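Below is one structure, written out as structure tokens; comments come after it.
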């Protein structure tokens with residue numbers, strides 16, 4: 001078959017979802033074409049605003065992720081990096097503890113119990129580096145680092161990718177046949193499919209960290225190797241052990257969307273700001289819990305307003321655009337109360353990647369122009385099938401996320417959370 005008219009695929013966003021998708025497509029094509037003996041020529045270009053996957057000035061990558069056997073782990077295997085993952089993952093960091101505002105334990109999973117749950121943890125940044133290492137040596141995949149997509153223009157013959165800060169790039173005059181938006185909460189790709197923007201969930205997280213040098217023995221015992229949370233009165237203090245031995249701390253507050261600017265807090269002075277937050281919001285909390293925040297002497301502080309997309313049955317579906325779709329946070333961002341956001345993004349990549357890879361490698365030998373049209377139609381069908389499966393799955397996922405929010409931040413919390421955990425531990429009839 002002539003390779004003069006390959007199918008050009010653009011992935012906007014080189015995070016966990018976008019990189020997983022590219023690798024899974026390439027792996028599926030290789031596996032399927034090895035048996036079928038055919039593959040339509042294609043090229044995948046990933047656009048990402050970071051200068052490199054490990055550039056020190058890039059955006060914060062967040063804390064630890066626990067990858068589940070029925071989602072994230074399946075995607076890791078399909079992406080071909082399972083052995084690398086198992087060498088980096090932490091299987092002894094799956095324990096956690098939930099307290100009330102007085103530091104009294106409400107629920108716990110010990111480290112030994114956690115190991116049996118098969119949800120190994122890995123730093124978000126580490127996982128991204130695993131997915132990006134050697135990615136440009138993968139056949140038919142290239143990455144455009146340092147190129148922030150500011151617009152995508154739909155033409156009759158394809159999609160034009162517009163990159164900010166670059167008057168002309170190697171791809172500025174290229175028309176891509178297919179576009180996948182893996183570009184996060186404020187996706188530029190979302191406009192292509194007329195998907196509604198996310199809405200503010202009502203909560204904001206203030207994030208900071210504790211270095212091993214400033215960690216007290218009390219905090220060390222509370223967090224252990226895993227995670228800690230104290231919840232009451234519609235707010236929470238959370239802490240999570242990182243792979244480097246430090247602890248990432250999250251202060252979750254029920255506040256208006258404009259709180260960060262309207263609060264009058266001096267965000268340039270983290271020490272005073274953290275103490276002011278404790279005095280304003282946590283007066284009824286014990287010092288043993290508040291000291292988790294006080295142990296943080298770091299000048300690093302990040303504001304994280306939590307957004308949520310609508311459920312599919314509430315208007316979260318979008319108008320199918322021939323040749324464009326979304327995955328991960330671009331498709332269904334949600335607050336982190338079930339801890340499955342990254343797993344759902346990787347499950348998106350798995351479902352879409354396998355379907356697209358099979359469409360490309362199932363191509364028969366035929367006239368180049370007619371062949372491309374047929375394969376493109378098969379790929380578009382794959383996108384539509386993926387969307388229907390994803391919407392069905394996310395309907396349930398959104399319901400569970402809302403339920404978890406209610407159990408954690410309702411009037412009866414953390415007792416309601418304890419009761420749920422106790423019920424789940426009972427033998428099922």
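The values are calculated or read from the model by the stated rules, or taken from the named source; none is laboratory data. Computed from a predicted structure; not experimentally measured. With ideal geometry, Cβ positions are generated from the backbone for all residues, glycine too; neighbour counts draw on all protein chains shown.
Can you confirm whether residue 385 is without any contact (Cβ under 8 Å) to a residue 40 or more places away in the chain and not assigned by TED's automatic domain parsing to the domain that holds residue 330? Answer is no for this residue.
Identify, please: which residue in segment 157-182 is part of a loop (DSSP other than H, G, I, E, B) and at pLDDT 90 or above and is, among those, farthest from the chain's Cα centre (by Cα)? Filtering segment 157-182 for residues that are part of a loop (DSSP other than H, G, I, E, B) and at pLDDT 90 or above, the one farthest from the chain's Cα centre (by Cα) comes out as 157. Looking across segment 106-126 at every residue that is farther than 17 Å from residue 229 by Cβ and assigned to a loop (DSSP other than H, G, I, E, B), the one that is modelled with the lowest pLDDT is identified as 116. Here residue 257 passes the criteria (1) within 26 Å of residue 125 (Cβ to Cβ); (2) in contact with a strand residue (DSSP E or B) (Cβ under 8 Å, 6 or more places away or on another chain); (3) without any contact (Cβ under 8 Å) to a residue 60 or more places away in the chain except the one numbered (1). Looking only at segment 49-73, residues that are modelled with pLDDT of 95 or more and crowded, with 20+ Cβ neighbours inside 10 Å come to 2 in all.
Only one of the listed residues (204, 185) is outside any strand (DSSP E or B), surrounded by 16 or more Cβ atoms within 10 Å (Cβ to Cβ) and touching a residue at least 12 places away in the same chain (Cβ under 8 Å). That residue is 185. Only a single item in (1) surrounded by 22 or more Cβ atoms within 10 Å (Cβ to Cβ); (2) in a helix (DSSP H, G or I); (3) at pLDDT 95 or above is not met by residue 391, and it is number (1). For residue 417, the criteria (1) surrounded by 15 or more Cβ atoms within 10 Å (Cβ to Cβ); (2) closer than 20 Å to residue 335 by Cα; (3) within 22 Å of the chain's Cα centre (by Cα) hold in every case but one, which is (3).
The residues on offer are 231, 138, 149, and the sole one that is in contact with a strand residue (DSSP E or B) (Cβ under 9 Å, 6 or more places away or on another chain), under 27 Å from residue 342 (Cα atoms) and outside the structural domain of residue 24 (by TED's automatic domain parsing) is 231.
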